[in-house]
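For reference, the structure I am asking about is given below.
Quick note: the coordinates plus some simple rules give every number you see, no bench work behind them. Keep in mind the model is a prediction, meaning the values are calculated, not measured. With ideal geometry, Cβ positions are generated from the backbone for all residues, glycine too; neighbour counts draw on all protein chains shown.
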């Protein structure tokens, strides 16, 4: 592309604009020191949750704690994934809006 040639911006739909703004806000949040600490807590919960067998007195209690640990871990993983996906989607939409890439079309 020549320096004098302007890149044509593509308008986004209202929902895409909202997704772009939300993703940009989430990205800004992830650049703070506080997010680093929250992310570490979520990753610990997501990937290092287990029931201490020394604290369990019977099978029912073990199963209940394991089930709760599983759900807490799963929720933490889903939250981390949603945050990463929102940032990734907003980066894509920003490039579409700037005319850097063409909008992907879905084939049904």
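Consider the candidate values (1) 1.02; (2) 1.63; (3) 1.23; state which one is Cα Rg over 2.2 N^0.38 Å computed from the structure displayed.
Checking each listed value against the structure points to (2).
Quick one: helix 59-98 against the long Cα principal axis of the chain, what's the angle to the nearest 10°, folded into 0 to 90?
Between the helix axis and the principal axis of the chain, the angle is about 10 degrees.
In nm, give the distance between the simple-model label positions of residue 9 and residue 31, each being 7 Å from the Cα along the Cα-to-Cβ direction.
Distance between the two pseudo-spin positions: 1.9 nm.
Quick one: angle between helix 33-47 and the longest Cα principal axis of the chain, in degrees between 0 and 90, rounded to 10, please.
Its long axis makes an angle of about 50 degrees.
What is the helix-to-structure angle for 14-30, meaning the angle in degrees between its Cα long axis and the longest Cα principal axis of the chain, kept from 0 to 90 and rounded to the nearest 10?
Helix 14-30 sits at roughly 60 degrees to that axis.
Per residue of the chain, what 222 nm ellipticity follows from adding -39500 (n - 2.57) for every DSSP H run with n ≥ 4, rounded to the nearest 500?
-23500 deg cm²/dmol, from helical runs alone.
Let me ask something else. Rounded to the nearest 0.05, what FRET efficiency is calculated for residue 82 and residue 49 with R0 set to 22 Å and r the Cβ-Cβ distance? Don't jump to the answer; show the numbers that get you there.
Numbers: r = 19 Å, r/R0 = 0.85.
The formula returns an efficiency of 0.75 here.
Moving on. Hey, what did the chain get for relative contact order, percent, Cα under 8 Å, at least 6 apart?
47 percent
Tell me the label-point distance for the pair residue 102, residue 89, using the 7 Å Cα-to-Cβ offset, in nm and rounded to one decimal.
A separation of 2.4 nm, rounded to one decimal place.
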